[in-house]
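One structure is given here, and the rest of the page talks about it.
The values are calculated or read from the model by the stated rules, or taken from the named source; none is laboratory data. All values reported here derive from a predicted model rather than from experimental measurement. So basically every Cβ, Gly included, is an ideal-geometry build from the backbone, and we count neighbours across all protein chains shown.
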């Protein structure tokens with residue numbers, strides 16, 4: 001009986017000692033503490049007074065570059081659409097090249113983890129489409145069928161960010177020189193919004209370009225087109241910028257934007273002068289309306305590799321190898337005979 005009493009007393013002493021250890025207490029606090037919310041959710045709770053946009057560069061950069069996930073957290077379901085136009089011109093405006101790009105994005109309820117449907121199209125008949133519904137991701141190119149993406153690896157989130165980042169891309173290309181001047185308040189989609197006039201601000205002081213690693217180049221050197229693009233990006237100089245931006249008074253989300261600007265390369269920086277004109281029209285509508293997105297009725301299953309390669313082998317009568325099979329003898333007729341001359345490979349339209 002005495003030994004049992006000593007054992008119980010010793011256990012109580014050890015328990016008291018363990019609980020008083022600050023290291024143990026800190027460890028238990030970390031283990032049993034509630035999980036931190038995602039970074040996007042925390043960012044959406046940050047106050048960004050729209051009236052400070054003109055006077056506080058940090059607030060204006062946050063608002064102009066706000067991610068789609070954060071916009072959904074702040075605003076709820078909505079429909080976003082933007083049209084970007086590019087026009088490149090050589091010396092004296094000769095040989096202009098134009099491209100128009102349309103981006104649309106429909107967000108459902110659920111915030112950062114909610115459903116969405118995004119489409120990208122351009123005037124050269126190219127594009128892609130990505131949707132996430134009930135946790136399932138589907139993607140396709142402009143004319144191909146949907147393919148389910150079971151191994152998404154963040155592709156849907158990256159596409160969502162790119163589709164809705166038109167203003168951020170515009171601001172980056174103009175070296176962060178978008179200047180916003182207050183112009184009163186207006187109403188957009190029944191919501192009060194702060195209106196700002198856009199102009200070209202002064203070059204940012206104390207901001208140095210991020211040093212990037214040297215780009216890989218072929219042994220014979222980069223082609224002339226690549227050299228012109230790299231030279232333009234390195235020596236670009238914003239020349240003019242105008243437009244307007246509407247910022248929601250309640251959530252600090254950009255509800256509408258119109259931008260028109262020109263970028264050029266100084267003559268002394270290049271042997272071939274060039275100028276780029278960019279225009280942007282974007283708007284955010286259907287705020288708070290659940291789009292009730294549904295998965296596509298017909299879609300291809302996820303695949304380890306594009307089936308187009310295997311279909312091409314079938315078309316030319318090359319047998320598909322199986323694990324353990326030895327290579328076919330050169331010159332031997334393929335198993336099953338050659339394919340018919342008029343047989344066409346089935347186009348499965350592999351998506352993005």
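Pull out all pairs, ordered by first then second residue, where Cβ-Cβ is under 8 Å, the residues are six or more apart or on different chains, the first lies in segment 217-245 and is part of a helix (DSSP H, G or I), and the second is at pLDDT 80 or above.
230/222; 231/265; 232/265; 232/276; 235/265
For every residue, the table says whether it meets (1) within 13 Å of the chain's Cα centre (by Cα); (2) surrounded by 18 or more Cβ atoms within 10 Å (Cβ to Cβ).
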residue	(1), (2)
96	no, no
106	no, yes
112	no, yes
115	no, yes
130	yes, yes
141	no, no
153	no, no
158	yes, no
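Could you count how many residues in segment 164-174 are touching a strand residue (DSSP E or B) at 6+ places or on another chain (Cβ under 6 Å) and either over 22 Å from residue 287 (Cα atoms) or assigned to a loop (DSSP other than H, G, I, E, B) (or both)?
Count: 4.
Conditions (1) surrounded by 15 or more Cβ atoms within 10 Å (Cβ to Cβ); (2) in the same structural domain as residue 139 (by TED's automatic domain parsing), marked per residue:
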position: 175; (1), (2): yes, yes
position: 180; (1), (2): yes, yes
position: 184; (1), (2): no, yes
position: 214; (1), (2): no, no
position: 221; (1), (2): no, no
position: 236; (1), (2): yes, yes
position: 242; (1), (2): no, yes
position: 247; (1), (2): yes, yes
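Return the residue satisfying two criteria in turn: it lies in segment 250-285 and is under 30 Å from residue 47 (Cβ atoms) and surrounded by fewer than 18 Cβ atoms within 10 Å (Cβ to Cβ), and of such residues it is farthest from the chain's Cα centre (by Cα).
Taking the candidates together, the pick is 250.
On the given criteria, is residue 54 assigned to a helix (DSSP H, G or I) and at pLDDT 80 or above? Break it down into steps so the answer makes sense when it comes.
Working: assigned to a helix (DSSP H, G or I): no; at pLDDT 80 or above: yes.
No: the conditions fail for residue 54.
Restricting the search to segment 48-74, which residues are over 20 Å from residue 244 (Cβ atoms) and either in contact with a strand residue (DSSP E or B) (Cβ under 6 Å, 6 or more places away or on another chain) or in contact (Cβ under 8 Å) with a residue 60 or more places away in the chain (or both)? Spell out how you get there, then give the answer.
So the first thing to find is which residues in segment 48-74 are over 20 Å from residue 244 (Cβ atoms), and the list is 58, 67-70, 72-74.
Listed by number, the residues that qualify are 67, 68, 69, 72, 74.
Where the second residue is loosely packed, with under 14 Cβ neighbours inside 10 Å and assigned to a loop (DSSP other than H, G, I, E, B) and the first is on the phi < 0 side of the Ramachandran plot and lies in segment 288-299, which pairs have Cβ atoms under 8 Å and are six or more apart or on separate chains?
295/134
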